[in-house]
Ligand SMILES: NC(=O)c1ccc[n+]([C@@H]2O[C@H](COP(=O)([O-])OP(=O)(O)OC[C@H]3O[C@@H](n4cnc5c(N)ncnc54)[C@H](OP(=O)(O)O)[C@@H]3O)[C@@H](O)[C@H]2O)c1
């Protein structure tokens, strides 16, 4: 496995982790297909890549719009002979207690639409090319919070867990046909997404640059999972003892939120 020369479709590359991953992958010789809604931001990233001698193309689209997704997939397939890697990174997060979402079914629909349906949709469109090539990789971006019982993100976490489940099925069904599947489990990363929550201002977080390195590792090495020891330990504990692990960790999360809230108000 290596990055150089690969054509990589990277969604959510107009900001945050996706933007930094685009730079790092391009520096290693990948050809980047940049996908997100904001064309001007995608062009800014493209120009920065080209200025460093890299190769990038922009494909603006709202991936929750089926026609938009279809047309982006068609364009990518028409303009590139190979599609080696798809990184499903575009997402939205919602932090809201279930008790405040009782009349907000749309929270669950919106997160599902971009974090799950759009990722699966683009995968289904690009898979035939990967199968025809005899090789391909799908990298799905998830979160450490699906490996431990974190409160307040029910809509977001359900959509990410659905994507993880799809990833397992994809690997189980097509791994022997040359399709590698990697799930990346990020801890908190300092990006526009995490900055929406003001109390997280004082929380130690990974830098987007370091986080981008995890996507490079995923493409470079092709493992089934890229994540932290804490996440692996959390998923083992949760699988073994879901009741106690969920019940007894909740006071800790509430305390952490309280302390962060106090710091933010100081
Ligand atoms: N930041 C964290 O703490 C953290 C932690 C764990 C996991 N993650 C995951 O890491 C990934 C990157 O997140 P980030 O923190 O870098 O967030 P970000 O800076 O908010 O980036 C999100 C990206 O998704 C794109 N996007 C959103 N809705 C879209 C749509 N409907 N169609 C097309 N593109 C869309 C945005 O571009 P446009 O607005 O231009 O469309 C943007 O490029 C996500 O999958 C996130 O769930 C982040």
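Can you work out D for segment 140-242 in µm² s⁻¹ from Stokes-Einstein, where Rh is the Kirkwood radius over C-alpha pairs, the temperature is 20 °C and the viscosity is 1.002 mPa s?
Working: Rh = 14.7 Å.
D = 145 µm²/s.
Bin by bin, in steps of 10 Å, what percent of the Cα pairs in the chain do you find, going until the bin that has the longest distance?
Histogramming the chain at 10 Å steps yields 7, 30, 36, 19, 7, 1 percent.
Sorted from fewest to most neighbouring beta carbons within 10 Å, what does the list 159, 2, 99 look like?
Fewest-to-most ranking of 159, 2, 99: 99, 2, 159.
How high is the relative contact order of the chain, in percent, with contacts defined as C-alpha pairs under 8 Å that are six or more residues apart?
RCO, the chain: 19 percent.
What is the order of 166, 253, fewest Cβ neighbours within 10 Å to most?
253, 166
Sum -39500 (n - 2.57) across every DSSP H segment of at least 4 residues in the chain, then divide by the residue count to get the 222 nm mean residue ellipticity, nearest 500.
Taken over the chain, the calculation gives -16500 deg cm²/dmol.
Label segment 184-266 by shape, choosing from rounded, prolate and oblate, from the square roots a ≥ b ≥ c of the eigenvalues of the Cα gyration tensor; if a/c is under 1.5 it is rounded, and otherwise prolate applies when a/b is larger than b/c, oblate when it is not.
oblate
Over what distance in Å are the Cα centres of segment 133-208 and segment 211-232 separated?
Cα centroid to Cα centroid, the span is 10 Å.
Does anyone have the angle between helix 119-133 and the longest principal axis of the chain? Alpha-carbon axes, 0 to 90°, nearest 10?
On a 0 to 90 degree scale, this one is about 40.
Of 48, 21, 212, which is the most mobile in a GNM of the chain whose springs link Cα atoms less than 10 angstrom apart?
With Cα springs under 10 Å in the chain, the top fluctuation among 48, 21, 212 is at 48.
With angles folded into 0 to 90 degrees, how steeply does helix 154-174 sit against the dominant principal axis of the chain? Use alpha carbons for both and round to 10.
Computed tilt is about 40 degrees.
Roughly how compact is segment 95-149, stated as its Cα Rg over 2.2 N^0.38 Å to two decimals?
Against the compact-globule rule of thumb, the ratio is 1.57.
Please give the helix 66-79 orientation as an angle from the longest Cα principal axis of the chain, in degrees from 0 to 90, rounded to the nearest 10.
Here the helix axis deviates by roughly 40 degrees.
Test of understanding: in a Gaussian network model of the chain with alpha carbons linked when under 10 Å, which of 206, 256, 174 would top the mean-square fluctuation ranking?
Evaluated over the chain, the most mobile residue of the options is 256.
Pick from 235, 15, 93 the residue whose mean-square fluctuation is largest in a GNM of the chain, springs joining Cα atoms under 10 Å.
Comparing 235, 15, 93 in the GNM, the peak value goes to 235.
In terms of the Cα gyration tensor, with a ≥ b ≥ c the square roots of its eigenvalues, is segment 1-110 rounded because a/c is under 1.5, prolate because a/b exceeds b/c, or oblate?
prolate
Could you please state, rounded to a whole Å, how far the C-alpha centre of segment 48-122 is from the C-alpha centre of segment 5-28?
The distance from the Cα centre of segment 48-122 to that of segment 5-28 comes to 14 Å.
Taken together, the values in this text are just the output of simple stated rules run on the coordinates, not laboratory data. Note that this is a predicted model, so its numbers are computed, not measured. Don't worry about glycine lacking a Cβ; one is built from the backbone with ideal geometry, like all the others, and counts go over all protein chains shown.
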